[in-house]
Amino acid sequence: MNRIQLEGQVAVVTGGARGIGFAIAKRFVESGALVCLWDRDAEALEAAQVELGSAASTATIEITDLGGLQAAHAELEAEAGPVSILVNSAGIAGSNASVEEYCPEEWQRVIGVNLTGTFYANKVFVPSMKKRNYGRIVNIASIAGKEGNPMASAYSASKAGVIGLTKSLGKELAKYDIAVNCVTPATAQTRILESLTDEFIDYMRVRIPRGRFLEVEEAAAMVAWLSSSDNSFTTASVFDLSGGRATY
């Protein structure tokens, strides 16, 4: 494993208790960063804390609670110092249904967590990064945001929104030493699959030319570089993690 230099950096990973978020947090710790995991699952956070040790801390956070995010950010900076890295990995898959049959309440729930939650987190962290003229933000989108998945309109729309948000914010902050990028993973073997049907899982797997799902460590490797000072020029960009599925 190549070691990305993150010594002295303070990072927050939302949705960091499991899956891709936890893999990223682990890679950050191995690269020398102090990492705070934000997640709504207190039990999973406790287990993650045990595995990561003293280089990590945790906070039970609802990503849709703007006031809670603001308070947690202020508390962390007071205790640990300036947060220079933000990775937004909190997300839900939602249910599988056609647009005509999709529950409006479920639509709002998926958009709220995946898109509005990402907007809130970006909004909270940007002012202090601008003040210090340094920051790295990586938003976790999805190949579904590029191509759309049938029977998953809310998820696809929310991740397309994350891509658009990333591009807008990256351009807004281009005059600062703040890089804002997103990655578009294909399906990874994580807990998010538990809410999907076997038919839908098979649909996603057969469309990946690599012939397999993404390993969470592969996502962590890409995000680690995007979060480092080596990424000094690229911003407002989308990095593919689809195993060859993406057509653009």
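Picking from A154, A236, which residue would you name as being within 16 Å of L86 (Cβ to Cβ) and in contact with a Gly (Cβ under 6 Å, 6 or more places away or on another chain)? Show your work before the answer.
Working: A154 fails: within 16 Å of L86 (Cβ to Cβ).
The match here is A236.
Which condition does G32 not pass, out of (1) more than 20 Å from A188 (Cβ to Cβ); (2) among the small types (G, A, S); (3) modelled with pLDDT under 95, if it passes all the others? So G32 meets the others, but not (3). Have a look at T166, T197 and point out the one that is hydroxyl-bearing (S, T, Y), buried (at least 18 other Cβ atoms within 10 Å of the Cβ), more than 21 Å from F28 (Cα to Cα) and out of contact with any Leu (no Cβ under 9 Å at 6 or more places or on another chain). Result of the check over T166, T197: T166.
Identify, please: which residue in the stretch 53-73 is free of Cβ contacts under 8 Å to residues at least 40 places away in the same chain and hydroxyl-bearing (S, T, Y) and is, among those, most open to solvent (accessible area, probe 1.4 Å)? Applying the filter and picking the extreme gives S54.
For Y120, are the conditions met, namely being within 30 Å of R207 (Cα to Cα) and not hydrophobic (A, V, I, L, M, F, W, C)? Criteria not met by Y120.
For residues in the stretch 200-228 being open to solvent by 70 Å² or more (accessible area, probe 1.4 Å) and of a type outside the set (D, E, K, R), which is modelled with the highest pLDDT? Among residues in the stretch 200-228 that are open to solvent by 70 Å² or more (accessible area, probe 1.4 Å) and of a type outside the set (D, E, K, R), the one modelled with the highest pLDDT is W225.
Quick one: would you say L76 is touching a residue at least 60 places away in the same chain (Cβ under 8 Å), farther than 23 Å from V183 by Cα and crowded, with 18+ Cβ neighbours inside 10 Å? Steps first, please.
Numbers: touching a residue at least 60 places away in the same chain (Cβ under 8 Å): yes; farther than 23 Å from V183 by Cα: yes; crowded, with 18+ Cβ neighbours inside 10 Å: yes.
When the stated conditions are applied, L76 passes them.
Among residues of the stretch 116-138 that are free of Cβ contacts under 8 Å to residues at least 60 places away in the same chain and of a type outside the set (V, I, T), those with a Cβ under 6 angstrom from a residue that is open to solvent by less than 10 Å² (accessible area, probe 1.4 Å) and in a helix (DSSP H, G or I), sequence gap 6+ or separate chain, pair up as Y120/L69; G135/M129.
The values are calculated or read from the model by the stated rules, or taken from the named source; none is laboratory data. Please read all numbers here as calculations on a predicted model, not as lab measurements. As a convention, Cβ positions derive from the backbone with ideal geometry for all residues, glycine included, and neighbour counts pool all protein chains shown. Quick note on the areas: whole protein, heavy atoms, side chains included, nothing else; ligands and nucleic acids left out. Shrake-Rupley method; radii C 1.70, N 1.55, O 1.52, S 1.80 Å.
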